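Each remark here refers to the structure printed beneath this line.
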Amino acid sequence: MRIDDQFEYAVTLSDKSAITHWNNTVLAFLAHSAATPEHLAKTLEADPDFALGQAARGLFCLLLGRREMTATAFEAYVVADKCRKNNQITDREDAVVEALNDWLQGFPGKAAHRLDEMLLKYPRDAFILKLIHSTRFVLGQPSRMRSSIEGVLSSYEDDHVAKGYVHGCYSFALEESGDFDRAERIGKEAVALQQDDAWGLHAVAHVLDMTGKTEEGIKWLDDQPQAWEHCNNFGYHVWWHLALLHLDRGNVERVFELYDQKFRKDHTDDYRDISNAASMLVRLELEGCKVGNRWEELASISEKRIEDSCNVFADLHYMLALLGDNRRQASDRLLARMRTFGEEDSNEMGHVTKAAGSPTASGLMQFKNGNFFSAYHHLAEARPLLRTVGGSHAQRDVFERLTIEAALRAGLCQEAKRMIDERTRLRGGPDTYGETRMAQANRMMEATNLMQSDHLRFRTG
């Protein structure tokens, strides 16, 4: 039977009671709610033959970036494929099933493109919009995230149940595209519309961090804990953003407090949680802080993920953790696996691994070994393509800092100054890290110029 969902589009169900659970699943997904799996389980319990729900289960698994979840995603596709053969499902539902297959074949970009085409036909479908947004985020495609939403934004009028969530996604896409003023305004409007819009809240935090409005960013998050208290592990990431803002102010004690009591209190093995922790520890160490034994638990988890090959962004943070705990054999194995995968696998992740992942991982290893000139050249090689590993500007900034640091430690002052300038322009404003490193580079330049001055040269005769 065909029943309209909350977006007024038909879905194919054998049990009409499943529609309430499905609508709840979609809203939970949009809100990054911890209740999303529970709602989806109820949906499929009510209607195991719901092809769209089965396809959603598979895509949710793939977004987790874990090797063992690929088998679950494939099983979900098999069920969804069987369901669509036994039932005459809609073209919208069929596109989501096919998108799952695209990703399983190693082409998430093809999946996003397929869903983009369907979104133009069904513009009020915020579920498909969010799937595209999430996939493009993994692929590091902010301009496509933005254009996808802009193509349908006028369909989200005041009566649309997901208007706030959609505007939260738009805010993030604007921020990642460098349109900071609009991103801040639209993000704040999104949170006002839907107070549990954690993604919109975090988009505004990105803006305030990138534009150097640190105190305002801290207040923005401190004042609205209800906006992410319902979250799945994304809540850890919001706490990470708060810690990042405190780090810029030099509030190191507060950073460690947030690390231990909030975003790393639970020693989870989700790659996004590992990336929060590992990138923060690197930032702290670059500022001369002792981080104690915190690397150990991250490295123990990361060592079990060496063979995953699901997500290059994840691989690079596993590498940070392994190097942080001096696990040389494990980091060698990870680098070897990345190089092999990049050479032998022709899918999208293989190409990204070869072009950006492997050179970055090599640079991280050289940095750890104290070979700063070599580290700089490896990291600088990957730098123009680093966006393709996914994540946000704020998340990838740890690699930007390490590249700048490698240049400074190798005595490459001009290169360091150029990168700091580029970083500041990208961010839309200065931050403490950029200011201190620029001052360091200028002092090094002055010392170099002084040493080369004719007045100091020994003269004979």
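The residue pairs whose first member lies in the stretch 291-311 and is closer than 29 Å to W103 by Cβ and of a type in the set (S, T, Y), whose second member is open to solvent by 40 Å² or more (accessible area, probe 1.4 Å) and outside any loop (DSSP other than H, G, I, E, B), and whose beta carbons are closer than 9 Å, counting only pairs six or more residues apart or on different chains, are S309/R67.
Within the stretch 429-445, being under 23 Å from D181 (Cα atoms) and surrounded by 17 or more Cβ atoms within 10 Å (Cβ to Cβ) holds for D431, Y433, G434.
Please determine whether any residue of the stretch 200-211 is surrounded by fewer than 21 Cβ atoms within 10 Å (Cβ to Cβ), over 30 Å from E8 (Cβ atoms) and at pLDDT 95 or above. Yes; the residues of the stretch 200-211 include at least one that is surrounded by fewer than 21 Cβ atoms within 10 Å (Cβ to Cβ), over 30 Å from E8 (Cβ atoms) and at pLDDT 95 or above.
Taking the stretch 77-167 and the helices (runs of 4 or more DSSP H) fully enclosed by it, the elements with 3 or more residues that are among the aliphatic types (A, V, I, L, M) and over 18 Å from the mean Cα position of the chain (by Cα) are at 91-104, 108-121.
Kindly check whether there is at least one residue in the stretch 306-329 that is under 21 Å from the mean Cα position of the chain (by Cα) and open to solvent by 40 Å² or more (accessible area, probe 1.4 Å). Yes, the conditions are met somewhere in the stretch 306-329. In the stretch 86-97 there is no residue matching the filter, namely being within 28 Å of V166 (Cα to Cα), among the hydroxyl-bearing types (S, T, Y), at pLDDT 95 or above and buried (at least 23 other Cβ atoms within 10 Å of the Cβ).
Please state which one of T43, T36 is of a type in the set (S, T, Y) and closer than 22 Å to G164 by Cβ. After applying the criteria, what remains is T36. When the stretch 30-67 is filtered for residues that are over 20 Å from the mean Cα position of the chain (by Cα), under 21 Å from D273 (Cβ atoms) and open to solvent by 40 Å² or more (accessible area, probe 1.4 Å), the ones remaining, listed by number, are P37, E38. Applying the criterion of being open to solvent by less than 20 Å² (accessible area, probe 1.4 Å) and of a type in the set (S, T, Y) to the residues of the stretch 381-428, the residue that is farthest from T211 (Cα to Cα) is T403. Only one of the listed residues (A227, A190) is touching a Phe, Trp or Tyr at 6+ places or on another chain (Cβ under 8 Å) and open to solvent by less than 10 Å² (accessible area, probe 1.4 Å). That residue is A190. Scan the stretch 345-380 for residues that are on the phi > 0 side of the Ramachandran plot and surrounded by 18 or more Cβ atoms within 10 Å (Cβ to Cβ) and the total you get is 0.
Filter the stretch 239-278 down to residues that are of a type in the set (K, R) and either more than 20 Å from the chain's Cα centre (by Cα) or at positive phi (or both), then give me how many there are. Qualifying residue count for the region: 3. The set of residues from the stretch 12-26 being open to solvent by 50 Å² or more (accessible area, probe 1.4 Å), of a type in the set (S, T, N, Q) and either on the phi > 0 side of the Ramachandran plot or in a helix (DSSP H, G or I) (or both) comprises T20, N24. For the stretch 183-228, the candidate set comprises residues that are of a type in the set (D, E) and not in a helix (DSSP H, G or I); within that set, the residue that is nearest to L258 (Cα to Cα) is D223. Looking only at the stretch 270-287, residues that are open to solvent by 60 Å² or more (accessible area, probe 1.4 Å) and not in a helix (DSSP H, G or I) come to 1 in all.
Among the residues in the stretch 249-268, are any buried (at least 19 other Cβ atoms within 10 Å of the Cβ) and under 17 Å from W199 (Cβ atoms)? The answer is yes; a qualifying residue exists.
Each row is one residue, and each column tells you yes or no for (1) of a type in the set (F, W, Y); (2) over 18 Å from M349 (Cα atoms).
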residue	(1), (2)
L100	no, no
A126	no, yes
R136	no, no
R146	no, yes
D159	no, yes
F172	yes, yes
D179	no, yes
R185	no, yes
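When residues in the stretch 120-140 are screened for being within 11 Å of V152 (Cα to Cα) and either in contact (Cβ under 8 Å) with a residue 40 or more places away in the chain or buried (at least 24 other Cβ atoms within 10 Å of the Cβ) (or both), 5 of them pass.
The values are calculated or read from the model by the stated rules, or taken from the named source; none is laboratory data. Since the model is a prediction, treat every value here as computed from it, not as a measurement. Cβ atoms come from the backbone with ideal geometry, glycine included; neighbour counts cover every protein chain shown. These area figures cover heavy atoms from the full protein model, side chains too; ligands, DNA and RNA do not enter into them. Shrake-Rupley method; radii C 1.70, N 1.55, O 1.52, S 1.80 Å.
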